[in-house]
Amino acid sequence: MDTSKLRIVVFAAACATAIPVQAVQSCRAASSPQTLPLVELYTSEGCDCCPPADRWLSKRFPAADTHGRALAIAFHVDYWDRLGWADRFASAANTERQYAAMRANAATFVYTPQVLLQGHDLRDWAGSDAAVERATRAPARASIAVDATITGDTVVVDVDANVADAAARGDAQVFVAYADSGLQSDVRAGENRGKRLQHDHVVRALQAADAGSGGQGRTRARFEFRKPREAGVAPTLV
């Protein structure tokens with residue numbers, strides 16, 4: 001992930017309600033003129049420093065809050081699995097995303113828990129309110145409209161995105177994630193052995209498309225997700 005690039009994150013706010021996604025047949029959402037900051041937590045069930053950050057993410061960004069000032073998502077990485085507990089939400093793709101952010105920020109190592117705000121390392125995540133608030137004051141660099149339709153176990157997301165600034169179009173990308181909240185694990189090995197961990201905003205699937213491919217900064221793309229067998233209580237599309 002190159003933080004010099006414009007990253008468009010689709011937030012289907014109409015789906016991110018207290019009503020479970022399974023009960024919603026379709027929804028439509030559109031972006032606002034102001035930036036909705038992206039907060040990324042890199043975490044692992046195998047790291048004993050991560051549960052406080054998981055709890056912070058859940059408390060600071062409640063899953064049922066559809067009018068939040070930021071978009072929070074959690075990527076579980078797999079490099080802690082070697083300690084004896086395989087985090088079932090972790091993936092090599094999530095780990096690679098964190099390493100890509102490391103390279104983009106000219107850093108030399110990754111760690112957990114790590115929080116990124118708009119692609120940049122946020123060490124003082126526990127006291128991040130001011131930083132998040134500053135990010136919301138910036139005008140949005142893209143306008144996005146989303147339509148999501150659910151048929152059985154399939155979620156289809158149609159995205160119409162427009163990047164007004166011609167200088168930003170070349171490197172723009174659209175990301176859509178299926179995230180889940182209300183998940184829990186009884187950890188039986190590793191550093192968190194014996195603990196019951198609660199998780200919100202867990203990214204279960206992430207897809208991307210180049211933005212601006214339609215010409216004049218316009219992108220229309222379709223994404224398809226299969227709902228995971230183990231669903232949480234408040235799945236959302238982001």
Quick one: in the range 173-227, of everything that is surrounded by fewer than 21 Cβ atoms within 10 Å (Cβ to Cβ) and polar (S, T, N, Q), which residue is farthest from Y79 (Cα to Cα)?
-> Q216
Of the conditions (1) part of a loop (DSSP other than H, G, I, E, B); (2) of a type outside the set (A, V, I, L, M, F, W, C); (3) modelled with pLDDT under 95; (4) open to solvent by 50 Å² or more (accessible area, probe 1.4 Å), R28 clears all except one; give me its number.
-> (1)
Determine the pairs where a residue that is free of Cβ contacts under 8 Å to residues at least 60 places away in the same chain and at negative phi, located within the range 117-135, has a partner that is surrounded by fewer than 14 Cβ atoms within 10 Å (Cβ to Cβ) and among the acidic types (D, E) with Cβ atoms under 9 Å apart, the partner being 6 or more residues away or on another chain.
-> A131/D124
State the number of residues belonging to the range 115-140 that are polar (S, T, N, Q) and open to solvent by 20 Å² or more (accessible area, probe 1.4 Å).
-> 1
Selection from the range 141-170 of residues hydroxyl-bearing (S, T, Y) and either open to solvent by 50 Å² or more (accessible area, probe 1.4 Å) or assigned to a helix (DSSP H, G or I) (or both) yields S143, T149, T151
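The values are calculated or read from the model by the stated rules, or taken from the named source; none is laboratory data. These numbers come from a predicted model, not from an experiment. Neighbour counts are summed over all protein chains in view; Cβ atoms, including those assigned to glycine, are modelled from backbone coordinates with ideal geometry. To get the accessible areas, we keep the full protein, side chains included, count just its heavy atoms, and leave off ligands, DNA and RNA. Shrake-Rupley method; radii C 1.70, N 1.55, O 1.52, S 1.80 Å.
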